[in-house]
1. Springs between alpha-carbon pairs under 10 angstrom, Gaussian network model over the chain: which of 109, 26, 59 fluctuates most?
2. Using just the helices of the chain, give the 222 nm mean residue ellipticity in deg cm²/dmol: DSSP H runs with n ≥ 4 each add -39,500 (n - 2.57), and the total is spread over all residues, rounded to 500.
3. Could you work out which residue, out of 85, 20, 107, moves most in a Gaussian network model of the chain, that is, has the largest mean-square fluctuation with Cα springs under 10 Å?
4. Please list, short to long, the whole-number percent of alpha-carbon pairs of region 10-62 in consecutive 5 angstrom bins beginning at zero.
5. Restricting things to alpha carbons, find the Rg to Rh ratio for region 79-141 using the Kirkwood radius for Rh.
6. Using Cβ counts within 10 Å as a stand-in for footprinting exposure, how do 138, 23 rank, fewest first?
7. Want the number for residue 26 to residue 120: 0.36 nm per residue separation, take away the alpha-carbon distance, what's left?
C-alpha cells in the first residue's frame, strides 16, 4: 500500500543556492537593473546568480561576475547567508564581499548598472528578497 502524506504537513520543495556580490567603490555599492523579459524585470539587484553543479560558491560568483559584468573578481569573505521563498521554491542567498576585480565593469546582462550610496538602496525598487535582507545588507556595507 503506498504511503500517504499526512494532512497539514508541509513538505520541502526545491531549493536554489544563489551567490551575490557586494561590490563597493568610494563608499558606494554596485546594483544592476534586471532586463525586460526576465523574472522581476526592472528591479535593481546585486550582481550574482545561481550556483551550478560542481561549483563552489566562490567559483560560481566569479563566473557570474565574468558573465554579467565582464570582470575577473577576487571573491572575498562570506558576509551573511539568508533564505527566502518565492512560491514553493526556497532560495538560499550567500552574500560575499568583493573588493577587488580586474577589467572595466560593463553591462552585459542588466539593462543598467549604477553605483549607489547604501542609504539610497531603500529608495530603489528591489526584488522582495533583497528588500527583506536590506537591514543585514546595510549592516555589512
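Read the figures in this text as sums done on the coordinates, not as results from a lab. Since the model is a prediction, treat every value here as computed from it, not as a measurement. Here the Cβ is made from the backbone with ideal geometry for all residues, glycine too, and neighbour counts use every protein chain on show.
1. Sorting by GNM fluctuation, first place goes to 26.
2. The per-residue figure over the chain is -5000 deg cm²/dmol.
3. Evaluated over the chain, the most mobile residue of the options is 85.
4. 4, 17, 18, 20, 19, 14, 5, 2, 1, 0
5. 0.98
6. Ordered from fewest to most neighbouring Cβ atoms within 10 Å, 138, 23 come out as 138, 23.
7. 32.4 nm
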